[in-house]
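Peer 1: Handing you this structure, nothing more for now.
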Amino acid sequence: MAVDAHAVADAEATRALALAVLAVLADDSAVFLDGGPVGEALAGMLSAGRGIRIVTASVPVALAAAGAEEPCEIHVLGGAVGADGIATGAWARELVATLNLDVAVIEPSGIAASGRLLAGDPDRAAVVESVAAVARRVVLVGGPRGLTATGLAGSIPLAAVDQAVLHPASAPPDLLRRLAEEGVAAVVIEGGMVARAVGDRSRSVAMDGEATVEGVTDARAVGDRSRGAAAGEGATADVSPVVGGAARGRVSEGGTDARADRASPVSDAAEAVDDARHAEGVPA
């Protein structure tokens, strides 16, 4: 049977994105996982040992979490379940309003010209808005299919996003500029590596030999036991314990970080990789 190369590449890219998000989830935290390929992949990676509690409106995400070797605590929102397996409606929104979430991982179909994240219908958009309202941090995920799909309804604006984990297909220069302008810490994951970073500890570098995007840094390794040139040949950088829990102030090249009260996966993941390099005796 012929192997679909595109499907394999998408699956690998999706797993790399899930690993990057996994690396910034604190142990014992309450995490909302949106419906989508990355959410499903991430759900299957979370085990009871981390103490993470999953909240989701997606039946496929809940099933993926339950299929883990040692499933973590899973809570499924009630409501009317659509063809995509995602619950929406008043029941879901009312339950969300009672929750205390540390992180919300949102996987939109696209981003509108207005800057709002798009959802397939108004009901799903309303659930995303409710979740973002009670979450301490909102993480935007953009997969290998890009963020160009049309959505009927807009939910939260980019200004409500704290962090972004993106595949190159979901990271055009104009979006990276907008994220930098909003102060959103973002990483672009390619081949299991952080190919670009926007936000904390950022500086301007050339991209694609021509365009220059303000606030973009060089490649760094990220993810659960990711390998490659950024970590040194033969070296393994295990940054899965990296968490974004404790808030801390930072002073960047432009002065005090505007988001010093929020954790940054860009700097924390990079620091963990540096620590792993030193432990392995690999030069930075």
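Peer 1: Suppose we filter 19, 25, 42 for residues that are assigned to a helix (DSSP H, G or I), within 16 Å of the chain's Cα centre (by Cα), more than 23 Å from residue 81 (Cα to Cα) and at pLDDT 95 or above; which single one remains?
Peer 2: Just a single option satisfies the conditions, and that option is 19.
Peer 1: Here's a follow-up. Could you count how many residues in segment 149-181 are of a type outside the set (Val, Ile, Thr), surrounded by fewer than 20 Cβ atoms within 10 Å (Cβ to Cβ) and more than 15 Å from the chain's Cα centre (by Cα)?
Peer 2: The qualifying residues number 12.
Peer 1: Something else: Report the residue count in segment 151-181 for those that are in a helix (DSSP H, G or I) and of a type in the set (Ser, Thr, Tyr).
Peer 2: Total satisfying the criteria: 1.
Peer 1: Is it the case, given these coordinates, that residue 31 is at pLDDT 95 or above, within 15 Å of the chain's Cα centre (by Cα), in a helix (DSSP H, G or I) and of a type outside the set (Phe, Trp, Tyr)?
Peer 2: Spelling it out, it is not the case that residue 31 is at pLDDT 95 or above, within 15 Å of the chain's Cα centre (by Cα), in a helix (DSSP H, G or I) and of a type outside the set (Phe, Trp, Tyr).
Peer 1: A further question follows. Return the residues of segment 26-47 that are touching a residue at least 60 places away in the same chain (Cβ under 8 Å) and acidic (Asp, Glu); say none if nothing qualifies.
Peer 2: Matches in segment 26-47: 27, 34.
Peer 1: Taking residue 49 as the residue in question, decide whether it is small (Gly, Ala, Ser), over 20 Å from the mean Cα position of the chain (by Cα) and crowded, with 16+ Cβ neighbours inside 10 Å.
Peer 2: Here the answer is no, as residue 49 does not meet what is asked.
Peer 1: Determine whether residue 141 is in contact (Cβ under 8 Å) with a residue 12 or more places away in the chain, crowded, with 19+ Cβ neighbours inside 10 Å, among the aliphatic types (A, V, I, L, M) and over 28 Å from residue 7 (Cα atoms).
Peer 2: No, not satisfied.
Peer 1: Restricting attention to segment 126-138, report how many residues are surrounded by fewer than 23 Cβ atoms within 10 Å (Cβ to Cβ) and either among the aromatic types (Phe, Trp, Tyr) or in contact with a Ser or Thr (Cβ under 8 Å, 6 or more places away or on another chain) (or both).
Peer 2: 3
Peer 1: Name the residues in segment 60-74 that are of a type in the set (Asp, Glu) and surrounded by 13 or more Cβ atoms within 10 Å (Cβ to Cβ), would you?
Peer 2: Answer for segment 60-74, where residues must be of a type in the set (Asp, Glu) and surrounded by 13 or more Cβ atoms within 10 Å (Cβ to Cβ): just 73.
Peer 1: Is it true that residue 124 is touching a Pro at 6+ places or on another chain (Cβ under 7 Å) and of a type in the set (Lys, Arg)?
Peer 2: Judged against the criteria, residue 124 is not a match.
Peer 1: Any chance segment 76-86 includes a residue that's of a type outside the set (A, V, I, L, M, F, W, C), modelled with pLDDT of 95 or more and at negative phi?
Peer 2: For segment 76-86, residues of a type outside the set (A, V, I, L, M, F, W, C), modelled with pLDDT of 95 or more and at negative phi: absent.
Peer 1: Please pick out the residue among 77, 117 that is touching a Phe, Trp or Tyr at 6+ places or on another chain (Cβ under 8 Å) and crowded, with 21+ Cβ neighbours inside 10 Å.
Peer 2: Exactly one residue qualifies, and that residue is 77.
Peer 1: Restricting the first residue to segment 61-77 and requiring it to be assigned to a strand (DSSP E or B), which pairs with a second residue that is buried (at least 23 other Cβ atoms within 10 Å of the Cβ) and hydroxyl-bearing (Ser, Thr, Tyr) meet a Cβ separation below 7 Å and a spacing of at least six or different chains?
Peer 2: What qualifies is 76/56.
Peer 1: Determine whether segment 121-141 contains at least one residue that is assigned to a loop (DSSP other than H, G, I, E, B) and either within 16 Å of residue 56 (Cβ to Cβ) or under 15 Å from the mean Cα position of the chain (by Cα) (or both).
Peer 2: No: segment 121-141 contains no residue that is assigned to a loop (DSSP other than H, G, I, E, B) and either within 16 Å of residue 56 (Cβ to Cβ) or under 15 Å from the mean Cα position of the chain (by Cα) (or both).
Peer 1: If you don't mind, there's one more thing I want to ask. Mind counting the residues in segment 176-197 that are at pLDDT below 85 and farther than 19 Å from residue 13 by Cβ?
Peer 2: 0
Peer 1: What is the number of the single condition among (1) farther than 19 Å from residue 29 by Cβ; (2) in contact (Cβ under 8 Å) with a residue 40 or more places away in the chain; (3) outside any strand (DSSP E or B) that residue 92 does not meet?
Peer 2: All conditions are met except number (2).
The values are calculated or read from the model by the stated rules, or taken from the named source; none is laboratory data. Keep in mind that this is a model prediction, so the values were computed, not measured. Ideal geometry is used to build each Cβ from the backbone, glycine not excepted, and the neighbour counts take in all protein chains shown.
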